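Working notes, structure below.
The values are calculated or read from the model by the stated rules, or taken from the named source; none is laboratory data. Not measured: the values here are computed from a predicted model. We place every Cβ from the backbone using ideal geometry, glycine too, and count neighbours over all the protein chains shown.
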Amino acid sequence: MIRKIKQADISEIERILKKIPAFTSVEVDVAMELVNIAANNPLQEDYHIFVYEQDDKILGYHCSGRRPLTDGVYDLYWIASDPEANVKGIGKSLLEHAEAFVIENKGRWLLAETSSKESYLRTRNFYLRNNFSIVAQIENFYSIGDHLIVFGKYYSKQ
């Protein structure tokens, strides 16, 4: 089941993020900032976090939100699944949920930013497998040799 985040989910999400080898401690800290904002301020509209729950255990989550100053562009800020979960398709289910959220909210783009580092190869392939395209790349963005790659998927207005 995929549902909106609750305050009780915070520690489980942090546990998952800390298990993912590609994430540095600084990246986990940034992700947790958004988790805390969403879980502790349910009326805020900047970050929408949903968790994948099975048998009362959190196995993943996604965080998205409308990009400021746009009329229909959404960012997929974070998507992560427990690397130790023995369940296939968590990431795909979360991504499909994020896409449905964007479409329900009259979004036309979903963008996902990631790194060009080798440790993010699986992430980049995940977006490509799910019909996202590379829409931009900024060389030496995060650091020298570590480029920002922006994946996007466009949804035509109905």
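A single entry from Y52, Y47, Y61, Y74 fulfils the requirement of being farther than 23 Å from Q7 by Cβ and modelled with pLDDT of 95 or more: Y74.
Within the option set Y120, Y142, being under 21 Å from D29 (Cα atoms) and assigned to a strand (DSSP E or B) holds for one residue only, Y142. Taking each residue of segment 14-39 that is in a helix (DSSP H, G or I) and looking for partners that are of a type in the set (K, R) with beta-carbon atoms closer than 7 Å, six or more apart or interchain, yields V28/K18; A39/K6.
Filtering segment 53-64 to residues that are in contact (Cβ under 8 Å) with a residue 24 or more places away in the chain and surrounded by fewer than 18 Cβ atoms within 10 Å (Cβ to Cβ) leaves E53, Q54, K57.
When we screen A38, A31, A22 for residues that are hydrophobic (A, V, I, L, M, F, W, C), modelled with pLDDT under 95 and surrounded by 14 or more Cβ atoms within 10 Å (Cβ to Cβ), the only hit is A22.
Just one of the listed residues (V102, V135, V150) is part of a strand (DSSP E or B) and surrounded by 15 or more Cβ atoms within 10 Å (Cβ to Cβ), and it is V150. The number of residues in segment 65-111 that are farther than 17 Å from V150 by Cβ and in contact (Cβ under 8 Å) with a residue 40 or more places away in the chain comes to 11. Of all residues in segment 64-95, those being out of contact with any Lys or Arg (no Cβ under 9 Å at 6 or more places or on another chain), over 19 Å from V30 (Cα atoms) and not polar (S, T, N, Q) number 8.
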